[in-house]
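The values are calculated or read from the model by the stated rules, or taken from the named source; none is laboratory data. A quick note: this is a predicted structure, and the numbers were derived from the prediction, not measured. Note: ideal-geometry Cβ built from the backbone for every residue, glycine included; neighbour counts use all protein chains shown.
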C-alpha cells in the first residue's frame, strides 16, 4: 500500500525501521488497549510484515507525517481472523499524534485501499471496549457498531463499514 496526502504518507516499512516500530509499542499510553506482546513478538510481527509485501495485498504499513517525515504509527489491513469473509483494518498511533485527526485520515485511506481490491468482503474493525477515541473515529469514518465480539480472553467492540 502506498498512500500520500498533505498530512500523511502510508508506505511499506524498510528493514532499518524496526526501532521506530518497536518504540511505538514501548509507550504504555499507546499499548493500553492492545493485547500484551513481548518484544520478540513485535519483532516477529515486523518481520512478517516485511515478508508479506511481495506476497499479499494485506500487511502492516508505516504511517509518516508528510510535513516532516516523522513516524506517526502503524496501520494494517488483513483477512479477519474471527471471520475470513471479512477484512479487518486497524491502526496504532504514537501518543503525540492522537486526537489530531490522523486516525480518521488513516481509516479513510485504509477503507479506500481495501475497497480498491474488489474483494467484495465487508470491512470491519475491533477495539477494546474502553477505547472510546478509536470508536469515535470508526463511527465518523462510516462504520456502524454491531454486537460485541467475544474472544476467549475478552470482549471487543465490533464495527462494520456500512454499505452505501
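Taking the range 1-11 on its own, how many of its residues are part of a loop (DSSP other than H, G, I, E, B), under 18 Å from residue 116 (Cα atoms) and touching a helix residue (DSSP H, G or I) at 6+ places or on another chain (Cβ under 8 Å)?
Counting residues in the range 1-11 that are part of a loop (DSSP other than H, G, I, E, B), under 18 Å from residue 116 (Cα atoms) and touching a helix residue (DSSP H, G or I) at 6+ places or on another chain (Cβ under 8 Å) gives 2.
Please go through the range 49-68 and give me each residue that is in contact (Cβ under 8 Å) with a residue 12 or more places away in the chain and over 24 Å from residue 162 (Cα atoms), ordered by number. Give the derivation first.
As a first pass, look at the range 49-68 and keep what is in contact (Cβ under 8 Å) with a residue 12 or more places away in the chain: 49-50, 53, 57-67.
Result: 49, 50, 53, 61, 62, 63, 64, 65, 66, 67.
Restricting attention to the range 32-44, and to residues there that are without any contact (Cβ under 8 Å) to a residue 24 or more places away in the chain and surrounded by 13 or more Cβ atoms within 10 Å (Cβ to Cβ), which single residue is nearest to residue 154 (Cα to Cα)?
37
In the range 58-70, is there at least one residue being more than 22 Å from residue 133 (Cβ to Cβ) and surrounded by 16 or more Cβ atoms within 10 Å (Cβ to Cβ)?
The answer is yes, given that some residue of the range 58-70 is more than 22 Å from residue 133 (Cβ to Cβ) and surrounded by 16 or more Cβ atoms within 10 Å (Cβ to Cβ).
Look at the range 120-129 and say how many of its residues are more than 21 Å from residue 33 (Cβ to Cβ) and either in contact with a strand residue (DSSP E or B) (Cβ under 6 Å, 6 or more places away or on another chain) or at pLDDT 95 or above (or both).
Taking the range 120-129 and keeping what is more than 21 Å from residue 33 (Cβ to Cβ), we get 120-122.
Right, trim to either in contact with a strand residue (DSSP E or B) (Cβ under 6 Å, 6 or more places away or on another chain) or at pLDDT 95 or above (or both) and you get 121-122.
Count: 2.
Which one of the conditions (1) part of a helix (DSSP H, G or I); (2) under 20 Å from residue 17 (Cβ atoms); (3) touching a helix residue (DSSP H, G or I) at 6+ places or on another chain (Cβ under 7 Å) does residue 62 fail to meet, given that it meets all the rest?
With respect to (1) part of a helix (DSSP H, G or I); (2) under 20 Å from residue 17 (Cβ atoms); (3) touching a helix residue (DSSP H, G or I) at 6+ places or on another chain (Cβ under 7 Å), residue 62 is out only on (1).
When you go through 89, 111 one by one, which is the residue that is outside any loop (DSSP other than H, G, I, E, B), in contact with a helix residue (DSSP H, G or I) (Cβ under 9 Å, 6 or more places away or on another chain) and surrounded by 13 or more Cβ atoms within 10 Å (Cβ to Cβ)?
Details: 111 fails: in contact with a helix residue (DSSP H, G or I) (Cβ under 9 Å, 6 or more places away or on another chain).
On inspection, the qualifying residue turns out to be 89.
Look at residue 95 and say whether it is touching a strand residue (DSSP E or B) at 6+ places or on another chain (Cβ under 6 Å) and either modelled with pLDDT of 95 or more or closer than 23 Å to residue 29 by Cα (or both).
So residue 95 fails the test.
Out of all the residues in the range 19-38, which are within 24 Å of residue 134 (Cβ to Cβ), out of contact with any strand residue (DSSP E or B) (no Cβ under 7 Å at 6 or more places or on another chain) and not in a loop (DSSP other than H, G, I, E, B)?
Of everything in the range 19-38, those that are within 24 Å of residue 134 (Cβ to Cβ), out of contact with any strand residue (DSSP E or B) (no Cβ under 7 Å at 6 or more places or on another chain) and not in a loop (DSSP other than H, G, I, E, B) turn out to be 22, 23, 28, 29, 31.
For the range 95-108, give me the residue count where each residue is touching a helix residue (DSSP H, G or I) at 6+ places or on another chain (Cβ under 6 Å) and under 15 Å from residue 20 (Cα atoms).
Number of matching residues: 1.
List the residue pairs whose Cβ atoms are under 9 Å apart, where the first residue sits in the range 89-113 and is at positive phi and without any contact (Cβ under 8 Å) to a residue 60 or more places away in the chain, the second is assigned to a helix (DSSP H, G or I) and surrounded by fewer than 20 Cβ atoms within 10 Å (Cβ to Cβ), and the two are 6 or more positions apart or on different chains.
99/133
Hey, can you tell me all the residues within the range 14-30 that are in contact with a helix residue (DSSP H, G or I) (Cβ under 9 Å, 6 or more places away or on another chain) and free of Cβ contacts under 8 Å to residues at least 60 places away in the same chain?
14, 15, 17, 18, 21, 22, 26
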